[in-house]
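Colleague: One structure, pasted below without further comment.
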């Protein structure tokens, strides 16, 4: 039985390191790289103050940016003589990752840490920390 590993990937070095570690640590695993387009990152998202056209323009730009990121994930996998599946979802980061785990029979998560500590972590929150606490599967946090 093959292990299905999820690697949530954003634009941080930590997420790139998490992908590299997953590919190295679990050479026989099926790896899926997930990028979440978080609509809260723009005041033009749902409930924002932008026009419909502004929302569509934002979404198209976000999707194009995500596509470049996932192309990078494929390049990283190729450097390890591996292939990865990729997916993009729109939503809130933490909830979207947890939903993906539940809906796609994920066995393990490798997630990058931004390395925040102290007051910065308290004020900004931590997607990785929440995934560790709430995921129904083992989670490896990579710095």
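Colleague: Among (1) in a helix (DSSP H, G or I); (2) at pLDDT below 95, where does residue 21 come up short?
Modeller: The one condition residue 21 does not meet is (2).
Colleague: What is the one condition in (1) over 17 Å from residue 135 (Cα atoms); (2) at pLDDT 95 or above; (3) touching a strand residue (DSSP E or B) at 6+ places or on another chain (Cβ under 8 Å); (4) crowded, with 16+ Cβ neighbours inside 10 Å that residue 14 does not satisfy?
Modeller: The failed condition is (2).
Colleague: Is there any pair with a first residue in the stretch 1-27 that is without any contact (Cβ under 8 Å) to a residue 40 or more places away in the chain and a second that is surrounded by fewer than 18 Cβ atoms within 10 Å (Cβ to Cβ) whose Cβ atoms are under 6 Å apart and which are 6 or more apart or on different chains, and what are they?
Modeller: 2/30
Colleague: Just need a number here: residues in the stretch 100-115 that are within 14 Å of residue 10 (Cβ to Cβ) and surrounded by fewer than 16 Cβ atoms within 10 Å (Cβ to Cβ).
Modeller: Number of matching residues: 1.
Colleague: To continue, here is another question. Considering only the stretch 64-86, state which residues are outside any loop (DSSP other than H, G, I, E, B) and exposed (fewer than 14 other Cβ atoms within 10 Å of the Cβ).
Modeller: Hits for the stretch 64-86 are 64, 65, 67, 68, 71, 75, 78, 79.
Colleague: Could you grab me the full set of residues in the stretch 89-143 that are at pLDDT 95 or above, farther than 25 Å from residue 62 by Cα and in a loop (DSSP other than H, G, I, E, B)?
Modeller: 105, 106, 107, 135, 136, 137, 138
Colleague: If only one of 5, 31 is surrounded by 19 or more Cβ atoms within 10 Å (Cβ to Cβ), more than 18 Å from residue 132 (Cα to Cα), in contact with a strand residue (DSSP E or B) (Cβ under 8 Å, 6 or more places away or on another chain) and modelled with pLDDT of 90 or more, which one is it?
Modeller: None of the other options fit; the residue is 31.
The values are calculated or read from the model by the stated rules, or taken from the named source; none is laboratory data. Model, not experiment: these values are computed from the prediction. FYI the Cβ positions are ideal-geometry reconstructions off the backbone, even for glycines, and counts take in every protein chain you see.
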